[in-house]
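Just below is one structure, and these are the notes that go with it.
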Amino acid sequence: MYELRVLDAAQFRSLVFMDDVIPGVEEAYKLFSSGRAGLFPIITHEFDPGRSDMDIKSGYLDGAGIYGLKILGWNADNPAALGVPALAGLIVIMDLQRQQPVGILEGTPVTFLRTGAAGALGARTFARPDSERAVIVGAGAQGRAQLLGLSRVMGHLKTVDLFDMNEASTQKMADEVKAQYPGLEISARKFADLERYVRQADIVTTCTPSKKPLIKYGWAAPGTHINAVGADMPGKQEFESSVVATSKLFCDSRQQVALKGECQHAVSEGLDPQGITEIGEVLNGIKPGRASDDEITLFDATGMALQDLITGKVALERAAAAGIGTVIRMEQ
């Protein structure tokens, strides 16, 4: 007999916070780039292109003793039509040595925190430490996650300008988050003014489902750091490919971003993927990060199951210690 623990979203949120997730995601990156963790092929499918899709991401972490998968579905119409989140899914974690299930978690809050942590690590590792002005493009759940992550690692941050093609969403996000960040000046901006604010920004984060470039070549000033978070499937794109081709490039998985990240378009036009540095290589001290204050750096974060799994492991361990969650006793 063995025990399988199940955590819902509220239980996860009571146990794990952004400051807990950033070190785990950092460890996942380091294990991946040192060969002690790996990814299995991703399964993706668009049910209704641009409106409804799913993906199944899986992997293993020898260094953490686990493997597993995340299945995630997205339907853009859910909030308005059904009153439920656009994103939903499950994470299944297995014990690598014993080959037995450890737990199942609701995927949405894990995805929220681990993706925000990825952006936080991208900024902490590659942005200029004195960065003060940030632009976030995308006022959905991930816009909030990216803001939370940046606020935890960029100590000199002063202003955050929010953009979304749906300007009502931009204002809604600004109104809802301002009280949470009393030390930041957070403003909803008109999408037509995006170029002006990108030119002034030290950090630019994009987290939209766009399939056409939102940010053009020449907008980012020398020294800008870019977190490209939105492109995570073939066809998605938030930057002109020339922005990517002329930046110093970093990523979570070199192979993955060449196929489905922001880098996919520049690669299809001749960019050599071997010139893209994995963040884990920088964190492990194998390769350099930013070399000067004038470089434009870009971190292409497509997301890896490893981030979900290591975050879920932390939650399940804390839940077991606190006696939280539903325990299912499995007969053998």
Entirely in the stretch 1-76, the strands (runs of 3 or more DSSP E) that have 2 or more residues that are without any contact (Cβ under 8 Å) to a residue 40 or more places away in the chain and touching a strand residue (DSSP E or B) at 6+ places or on another chain (Cβ under 7 Å): 43-48, 52-61, 66-75
Yes/no for GLU331 being of a type in the set (D, E, K, R) and at pLDDT 95 or above: no
Hey, ILE328 closer than 20 Å to GLN100 by Cα and of a type in the set (Val, Ile, Thr) or not: yes
Residue that is crowded, with 24+ Cβ neighbours inside 10 Å and assigned to a helix (DSSP H, G or I), where the choices are VAL267, VAL257: VAL257
Subset of the stretch 165-215 that is open to solvent by 30 Å² or more (accessible area, probe 1.4 Å) and touching a Gly at 6+ places or on another chain (Cβ under 8 Å) - its residue that is farthest from SER241 (Cα to Cα): SER169
Only listed residue being part of a loop (DSSP other than H, G, I, E, B), of a type in the set (Asp, Glu) and surrounded by 23 or more Cβ atoms within 10 Å (Cβ to Cβ), chosen from GLU262, GLU295: GLU262
Search result, residues across the stretch 98-150 that are part of a helix (DSSP H, G or I), open to solvent by 40 Å² or more (accessible area, probe 1.4 Å) and either basic (Lys, Arg) or without any contact (Cβ under 8 Å) to a residue 24 or more places away in the chain (or both): ARG124, ARG144
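Part of a loop (DSSP other than H, G, I, E, B), at pLDDT 95 or above and touching a Cys at 6+ places or on another chain (Cβ under 6 Å): does that describe GLY230?
Working: part of a loop (DSSP other than H, G, I, E, B): yes; at pLDDT 95 or above: yes; touching a Cys at 6+ places or on another chain (Cβ under 6 Å): yes.
Here the answer is yes, as GLY230 does meet what is asked.
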Test: residue in the stretch 71-86 that is of a type in the set (S, T, N, Q) and under 17 Å from the mean Cα position of the chain (by Cα): no
Close pairs (6 angstrom Cβ cut-off, 6 or more residues apart or separate chains): free of Cβ contacts under 8 Å to residues at least 60 places away in the same chain and over 17 Å from VAL137 (Cα atoms) in the stretch 173-186, surrounded by 15 or more Cβ atoms within 10 Å (Cβ to Cβ) and among the hydroxyl-bearing types (Ser, Thr, Tyr) anywhere: TYR181/SER151
Test: residue in the stretch 309-326 that is surrounded by fewer than 24 Cβ atoms within 10 Å (Cβ to Cβ), assigned to a strand (DSSP E or B), touching a strand residue (DSSP E or B) at 6+ places or on another chain (Cβ under 7 Å) and in contact (Cβ under 8 Å) with a residue 40 or more places away in the chain: yes
Filtered residue count, the stretch 15-42, keeping only those that are open to solvent by 70 Å² or more (accessible area, probe 1.4 Å) and more than 18 Å from the chain's Cα centre (by Cα): 3
Checklist (1) in a loop (DSSP other than H, G, I, E, B); (2) open to solvent by 20 Å² or more (accessible area, probe 1.4 Å); (3) touching a residue at least 40 places away in the same chain (Cβ under 8 Å) applied to GLY155, failing item: (3)
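The values are calculated or read from the model by the stated rules, or taken from the named source; none is laboratory data. Bear in mind the structure is a predicted one, so any value in this text is a computation, not a measurement. With ideal geometry, Cβ positions are generated from the backbone for all residues, glycine too; neighbour counts draw on all protein chains shown. For accessibility, only protein heavy atoms count, side chains too; no ligands or nucleic acids. Shrake-Rupley method; radii C 1.70, N 1.55, O 1.52, S 1.80 Å.
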